[in-house]
Amino acid sequence: MEKLNNNTLDLPNWLFNILIVIIAVLAGVILKYIIVRLTKYYRKKERFSFLRSIVLNLGKPLNFFLPLFFLNIAGSLMLLPPKINLIYIKFIEIGLI
């Protein structure tokens, strides 16, 4: 797959990178919101739900994990110098641990 090129957007690299970070974090938050809404829907239908139990017990860790997971995925799209890219990747991977 061809690497995303910033020339088509005519944005400075720093602004392009900030947009990618914002989109990745929003995607994680939106996915968390969807999971919570689905569990609330199924809670009304069933007395016990394994998915509901997971969300209730892992709710706060999911708040950090999902945005970090999407940041990890979006890291390959960012236009960073090699040294800063290496630091960024290590920072996200440590956060995921």
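The values are calculated or read from the model by the stated rules, or taken from the named source; none is laboratory data. From a predicted model like this one, the values you see are computed outputs, not experimental measurements. Quick reminder, even Gly has a Cβ in these numbers, built from the backbone with ideal geometry, and neighbours come from all protein chains shown.
Within segment 1-31, the set of residues being modelled with pLDDT under 85, surrounded by 12 or more Cβ atoms within 10 Å (Cβ to Cβ) and part of a helix (DSSP H, G or I) comprises just one member, ASN6.
Can you say whether PHE91 is of a type in the set (Phe, Trp, Tyr), under 10 Å from the mean Cα position of the chain (by Cα) and either surrounded by fewer than 15 Cβ atoms within 10 Å (Cβ to Cβ) or modelled with pLDDT under 90 (or both), as far as the supplied structure shows? Taking the combined requirement at face value, the residue does not satisfy it.
The residue that is modelled with the highest pLDDT, counting only those in segment 32-64 that are more than 30 Å from PHE91 (Cα to Cα) and charged (D, E, K, R), is ARG37. Between a first residue in segment 81-97 that is of a type in the set (Asp, Glu) and a second residue that is surrounded by fewer than 11 Cβ atoms within 10 Å (Cβ to Cβ) and modelled with pLDDT under 90, which pairs have beta carbons less than 6 Å apart while being 6 or more apart in sequence or on different chains? No pair meets every condition.
The residue pairs whose first member lies in segment 55-67 and is closer than 17 Å to ILE30 by Cβ, whose second member is surrounded by 13 or more Cβ atoms within 10 Å (Cβ to Cβ) and basic (Lys, Arg), and whose beta carbons are closer than 7 Å, counting only pairs six or more residues apart or on different chains, are LEU62/LYS32; ASN63/LYS32; LEU66/LYS32.
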